[in-house]
Amino acid sequence: MEYFKGIEKIKFEGNDSDNPLSFKYYDENKVVAGKTMKEHFRFAVAYWHTMKGSGADMFGWGNYNRPWEKGKNPMEIAEKTLDAAFEFFTKLGVPYYCFHDRDIAPEGSNFAESCSNLHKMTEKTKQLQKATGIKLLWGTANLFSNPRFTHGAGSNPDPHVFAYAASQVKNAMDVTKELGGENYVFWGGREGYETLLNTNYSQEQEQLARFFEMAVDYKKKIGFKGTLLIEPKPKEPTKHQYDFDAASILNFLRAFDLFDDFKLNIEANHATLAGHTFQHELTVASAAGRLGSIDANTGDTLLGWDTDQFLTNIYDAVYAMLVVLKQGGLGSGGFNFDAKLRRGSTDLSDLFHAHIGSMDAFAKGLLIADEIIKDKILDNFIEERYSGYKHGTGLKIMNREIDFIELEKWILQNNEPIIKSGKQEYLENIINTYLRKF
Ligand code: XLS
Ligand code: CA
Ligand code: CA
């Protein structure tokens, strides 16, 4: 059965085209900075929002009424959803998708049945991957929807729940490996607390570290070659999530000797919720050599919750691409559209418009960032700004050849420093001149 009737494979038609169902900037074969756009982005569709999103919110039930959601039983619905998903991925022309275990297969009446559902659906998924050439960017386990995870998964005060979560991750990692998944993600939606009155903070940190250690051991045991990724988010559903932001995770990984085993999956909207910019989170992860993948979306600065919108703001795309290009790409990672339609966007074609718009925004961001980097305009400015540390007293500071006493002597001889302009507005105007070029 064809679910997206009347929609053909989306093609690149360029900026002059007025066909809304075409790419204006994303040309998968166009080479930029030595790689095709397809290789730069490794775009992925998020199964949960795109295929399972219903339009429901806190005040109203689902209103999308998708044709693949009608079936005799949950397994039949799961199979239809999978068919619709691969039709969508193919027509959109993305090379990857991402899922939670419970997105592709329904939970059964007990753990064994849930696992059997998952393994059955994995077989069908494998066939569709083979038939279409579409690959799995990452898999993950849903350790937050079922009421058993009310008080957390790995950080739960009850080891029974820890064991359940561990068993679920074991199976999710097995199927991710089975499907050739290139990464495995940990997002701890309920790994946090509501109140410290009932929480042993250090105990929960230790537990989480044990959980991650076991995941690393299991990865090695089964020979899974993908990258393990942790995704920061400060809050929602918990009041305080332990994986608050990139800096918190890096500190956690260092404290528990897990630094080399994990990279970070940075989501734009989670940066906003943490009071940071997307560029800040990418920069912090990248500076530590731990930027592994991106959940490409955007939040709303006026709403304090996780709106998961499709990113269309070109500035955000440019700033993100500057970081990604500078670190030479994302390796096994990619750009996953962890984004959902607004409740009012009820047409099936809206799914295409949303993804096309964001793919184009990132493609334009890539073209602009590449020009900025090639012209070295920001690099030269920054290099000059820190050049004092390349010689004289500055170099001695960096080389550990000088101490407070020597520096005091130096200040007594040299007096007041001269303030040099940071030229922020000048630099912002320069970014705009590049935006005007495309
Ligand atoms: C929720 C998270 C989630 C992870 C995967 O806010 O973004 O979707 O990406 O579990
Ligand atoms: Ca995410
Ligand atoms: Ca989110």
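The values are calculated or read from the model by the stated rules, or taken from the named source; none is laboratory data. Bear in mind the structure is a predicted one, so any value in this text is a computation, not a measurement. Cβ placement follows ideal geometry from the backbone for every residue including glycine, while neighbour counts extend to all protein chains displayed.
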task = May I ask you to list the residues in the range 253-284 that are closer than 13 Å to residue 243 by Cβ, within 14 Å of ligand 2 (Cβ to nearest atom) and without any contact (Cβ under 8 Å) to a residue 40 or more places away in the chain?
result = 264, 266, 270, 271
key: So residue 366, is it of a type in the set (A, V, I, L, M) and under 16 Å from residue 20 (Cβ atoms)   = no
query = Of the numbered conditions (1) modelled with pLDDT under 95; (2) within 16 Å of ligand 3 (Cβ to nearest atom); (3) not β-branched (Val, Ile, Thr), residue 302 satisfies every one except a single condition; which is it?
reply = (2)
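Conditions (1) within 20 Å of residue 315 (Cβ to Cβ); (2) part of a loop (DSSP other than H, G, I, E, B); (3) more than 15 Å from ligand 3 (Cβ to nearest atom); (4) within 17 Å of the chain's Cα centre (by Cα), marked per residue:
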| residue | (1), (2), (3), (4) |
| --- | --- |
| 244 | no, yes, no, yes |
| 247 | no, no, yes, yes |
| 281 | yes, no, no, yes |
| 292 | no, no, yes, yes |
query = Given the conditions (1) of a type outside the set (D, E, K, R); (2) in contact with a Leu (Cβ under 9 Å, 6 or more places away or on another chain); (3) part of a helix (DSSP H, G or I), and given that residue 305 satisfies all but one, which numbered condition is not satisfied?
reply = (3)
inquiry  = Quick check on this structure: which one of 107, 76 is touching a helix residue (DSSP H, G or I) at 6+ places or on another chain (Cβ under 6 Å) and under 23 Å from residue 125 (Cα atoms)?
reply    = 107
query = Are there any pairs with C-beta distances below 6 angstrom linking a residue in the range 359-371 that is under 19 Å from residue 89 (Cβ atoms) to a residue that is assigned to a helix (DSSP H, G or I), with the two at least 6 apart or on different chains, and if so which?
reply = 362/317; 363/37
query = Is it fair to say residue 211 is over 20 Å from residue 107 (Cα atoms) and among the aromatic types (Phe, Trp, Tyr)?
reply = yes
key: Any chance residue 253 is assigned to a helix (DSSP H, G or I), modelled with pLDDT of 95 or more, within 22 Å of residue 225 (Cβ to Cβ) and more than 16 Å from ligand 1 (Cβ to nearest atom)   = yes
request  = Could you look through the range 78-121, keep only residues that are touching a residue at least 60 places away in the same chain (Cβ under 8 Å) and of a type in the set (Phe, Trp, Tyr), and pick out the one that is surrounded by the fewest Cβ atoms within 10 Å (Cβ to Cβ)?
outcome  = 96
ask   = Which residue, of 207, 241, 203, is surrounded by fewer than 14 Cβ atoms within 10 Å (Cβ to Cβ) and at pLDDT 95 or above?
value = 203
task = Return yes when residue 263 is among the charged types (D, E, K, R), buried (at least 21 other Cβ atoms within 10 Å of the Cβ) and away from ligand 3 (no atom under 16 Å from the Cβ) and no when it is not.
result = yes
ask   = In this structure, is residue 97 among the hydroxyl-bearing types (Ser, Thr, Tyr) and in contact with a strand residue (DSSP E or B) (Cβ under 8 Å, 6 or more places away or on another chain)?
value = yes
task = Say whether the condition of being in contact (Cβ under 8 Å) with a residue 60 or more places away in the chain, of a type in the set (Lys, Arg) and either closer than 26 Å to residue 269 by Cβ or in a helix (DSSP H, G or I) (or both) is met by at least one residue in the range 147-168.
result = no
ask   = Within the range 323-334, which residues are away from ligand 2 (no atom under 16 Å from the Cβ) and either touching a residue at least 40 places away in the same chain (Cβ under 8 Å) or buried (at least 20 other Cβ atoms within 10 Å of the Cβ) (or both)?
value = 323, 324, 325, 326, 327, 329, 331, 332
note = Contact list, first residue from the range 294-322 and within 14 Å of residue 276 (Cβ to Cβ), second anywhere and of a type in the set (Phe, Trp, Tyr) and away from ligand 2 (no atom under 15 Å from the Cβ), beta-carbon distance below 8 Å, six or more apart or interchain, is 320/362
Members of the range 335-353 that are of a type in the set (A, V, I, L, M) and buried (at least 22 other Cβ atoms within 10 Å of the Cβ) = 339, 351
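Would you say residue 389 is in contact with a helix residue (DSSP H, G or I) (Cβ under 6 Å, 6 or more places away or on another chain), of a type in the set (Phe, Trp, Tyr) and surrounded by 10 or more Cβ atoms within 10 Å (Cβ to Cβ)?
yes
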Odd one out for residue 320 among (1) touching a strand residue (DSSP E or B) at 6+ places or on another chain (Cβ under 6 Å); (2) outside any strand (DSSP E or B); (3) within 16 Å of ligand 2 (Cβ to nearest atom) = (1)
remark   = From the option list 39, 28, 79, single residue qualifying as among the acidic types (Asp, Glu) and assigned to a loop (DSSP other than H, G, I, E, B) is 28
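May I ask you to list the residues in the range 122-145 that are aliphatic (A, V, I, L, M), in a strand (DSSP E or B) and free of Cβ contacts under 8 Å to residues at least 60 places away in the same chain?
Answer for the range 122-145, where residues must be aliphatic (A, V, I, L, M), in a strand (DSSP E or B) and free of Cβ contacts under 8 Å to residues at least 60 places away in the same chain: just 136.
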